[in-house]
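Report on the following structure.
Just so it is clear, none of the values below were taken in a lab; they were calculated from the coordinates. As the structure is a prediction and not an experimental result, all values here were calculated from the model. Methodologically, a virtual Cβ is constructed for each residue, glycine included, from the backbone with ideal geometry; neighbour enumeration extends over all protein chains shown.
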Amino acid sequence: MTTLIMPSNHNSIKTRFTYRFARSLKKLNKNRPASQSMKETYRRYHMIRVASYASMASAVGPKRAWSRAVLWKIRNRTLHRTLMKKSRIHALRTRKVSGNPNDLRKLVPGGEGMDFSRLLNETAHYIKCLRTQVQIMKNIVDHCSN
């Protein structure tokens, strides 16, 4: 098996995210069941998604409010899973974008109690990290498909 080419700056968020996410995927792959029912496929999708967000938030560290909020949510998800699922489905059905700063507060993890200038700063950083996340995931898919 060939190795994934890593970024040269070992202290970058991209490198830390890549290492953490690759390690999480390796653990998930070890526990992969032989059969792939639709329920199992969804469960694995959810586990990969959580691993991706946890890897990104832990790579960023506790300096950012959004990363603290993501890690808190992941740690406490089993306590509120049913309620969150129902409220998320309802929110997705009723969500409308109006350009209101309160909409942005709902989209950025941990953005509820921030003043507007800090919210914009956290949003910019969160978007940067999401782009990095997508780029690394694309690289992984490209690497695995060759």
(message) If I stretch the segment between Val134 and Arg118 completely, what's the gain in nm (0.36 nm per residue apart, minus their alpha carbon distance), one decimal?
(response) 3.3 nm
(message) Please list, ordered by chain and number, the residues whose modelled amide H lies under 5 Å from the amide H of Ser12; skip anything fewer than 5 residues away on the same chain.
(response) none
(request) Under 12 Å from the Cβ of Asn121, count the other residues' Cβ atoms, weight Lys and Arg +1, Asp and Glu -1, and hand me the total. (result) +2
(request) Could you pull out the pairs from Lys14/Lys106; Lys63/Lys138; Lys26/Lys138; Lys14/Lys63; Lys14/Lys39 whose alpha carbons sit more than 21 Å apart here? (result) Lys14/Lys106; Lys63/Lys138; Lys14/Lys39
